[in-house]
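What follows is one structure encoded as structure tokens, with my remarks underneath.
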Amino acid sequence: MIEQAYVQAGDVTTPAVATLRARISQAIDATVAATALDRLKVWLQMPTDSTFFNGVLDKLCGERAKDLGERLSPGAGGLYEPGDLSAAVEIAPKWAGISTILHGDRAVTVNGPTGHVAGARSTFHNKQGTGFHVILLLATGQEPGGRRFFLGLDPDVSATPESRNAWIPVALGGAGTVAKVSAFTDAKCNQVIKDMVLGNSPDGFGPLVRKYYVDTTAAFPAIKRA
């Protein structure tokens, strides 16, 4: 699994954190959907219940990542969808190219085995090690000590302990099912999304945006189909 962590003070990203936060916030505010649930589903891959995470409303991670990537790619050329990252041929140049694209205000979809790209607590993990997940890269970054990372958005609410803990009180008041969102206003939906994606700190992000320490010299494992 790709090692993941959260942005800390001193981390520097390109584009800058403030630029990314503004871009994401504007895209959230511009989201139009028929219902409250549809609005949330644009940005979040949600569980069917608030506390047990026994299932998900949909498995449309690829479609969601593509849509969000288009919304978050103001740079010329728009969203970039790279070729197979499990192909070892010229893998380092491929990642160098991805870095250049990210620096041009474009998002990049990353498709890989669930066990490699998903969060540690994702409900998509299974004993067979099959399946895939898609996340969205938004920037490159470097820690004060020099360690480099990619900054990614993973809409999967179940992905980490932090994302699970944030979801329960923020979205559903601690109990019940997503059916409760039917009464949400657009403003309430936007706040839920921003709490999960942007968080409360101007210097960081919510639990769905994380650092990914990608080994840019090694190909991804191949996706195993069920």
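The values are calculated or read from the model by the stated rules, or taken from the named source; none is laboratory data. Everything numeric here is computed off the predicted structure, so don't read it as measured data. So basically every Cβ, Gly included, is an ideal-geometry build from the backbone, and we count neighbours across all protein chains shown. Side chains included, ligands, DNA and RNA excluded: accessible areas come from the protein's heavy atoms. Shrake-Rupley method; radii C 1.70, N 1.55, O 1.52, S 1.80 Å.
Working only within the range 19-45, note down all residues that are over 19 Å from Val209 (Cβ atoms) and of a type in the set (Val, Ile, Thr).
Val32, Thr35
Need at least 2 residues that are touching a strand residue (DSSP E or B) at 6+ places or on another chain (Cβ under 6 Å) per element, so show me which helices (runs of 4 or more DSSP H) inside the range 1-82 make the cut, counting only ones lying wholly within it.
61-71
Run Ser86 past the list (1) of a type in the set (S, T, N, Q); (2) out of contact with any Gly (no Cβ under 9 Å at 6 or more places or on another chain); (3) under 25 Å from Gly141 (Cβ atoms); (4) open to solvent by less than 50 Å² (accessible area, probe 1.4 Å) and report the number of the one that doesn't hold.
Among (1) of a type in the set (S, T, N, Q); (2) out of contact with any Gly (no Cβ under 9 Å at 6 or more places or on another chain); (3) under 25 Å from Gly141 (Cβ atoms); (4) open to solvent by less than 50 Å² (accessible area, probe 1.4 Å), Ser86 violates only (2).
Quick one: Val110 ticks every box in (1) out of contact with any Leu (no Cβ under 7 Å at 6 or more places or on another chain); (2) surrounded by 13 or more Cβ atoms within 10 Å (Cβ to Cβ) bar one, so which box is it?
Of (1) out of contact with any Leu (no Cβ under 7 Å at 6 or more places or on another chain); (2) surrounded by 13 or more Cβ atoms within 10 Å (Cβ to Cβ), only one is false for Val110: (1).
For the range 149-172, give me each residue that is aliphatic (A, V, I, L, M) and either surrounded by fewer than 22 Cβ atoms within 10 Å (Cβ to Cβ) or within 15 Å of Val108 (Cβ to Cβ) (or both).
Leu151, Leu153, Ala166, Ile168, Val170, Leu172
Evaluate the following for Gln45: is it closer than 28 Å to Pro93 by Cα, open to solvent by less than 50 Å² (accessible area, probe 1.4 Å) and of a type in the set (S, T, N, Q)?
Details: closer than 28 Å to Pro93 by Cα: no; open to solvent by less than 50 Å² (accessible area, probe 1.4 Å): yes; of a type in the set (S, T, N, Q): yes.
No: the conditions fail for Gln45.
Which residues, counting only those in the range 122-148, are open to solvent by 30 Å² or more (accessible area, probe 1.4 Å), touching an Asp or Glu at 6+ places or on another chain (Cβ under 9 Å) and within 17 Å of Lys211 (Cβ to Cβ)?
Gln142, Glu143, Pro144
For Gly97, are the conditions met, namely being of a type outside the set (Lys, Arg), at pLDDT 95 or above, over 24 Å from Gly204 (Cα atoms) and open to solvent by 40 Å² or more (accessible area, probe 1.4 Å)? Reasoning before the result, please.
Working: of a type outside the set (Lys, Arg): yes; at pLDDT 95 or above: yes; over 24 Å from Gly204 (Cα atoms): yes; open to solvent by 40 Å² or more (accessible area, probe 1.4 Å): no.
For Gly97, the condition - of a type outside the set (Lys, Arg), at pLDDT 95 or above, over 24 Å from Gly204 (Cα atoms) and open to solvent by 40 Å² or more (accessible area, probe 1.4 Å) - is not met.
Taking the criterion of being more than 14 Å from the chain's Cα centre (by Cα), open to solvent by less than 20 Å² (accessible area, probe 1.4 Å) and among the hydroxyl-bearing types (Ser, Thr, Tyr), would at least one residue in the range 28-40 satisfy it?
Within the range 28-40, one or more residues are more than 14 Å from the chain's Cα centre (by Cα), open to solvent by less than 20 Å² (accessible area, probe 1.4 Å) and among the hydroxyl-bearing types (Ser, Thr, Tyr).
Within the range 48-55, identify whether any single residue is open to solvent by 20 Å² or more (accessible area, probe 1.4 Å) and within 17 Å of the chain's Cα centre (by Cα), and answer yes or no.
no
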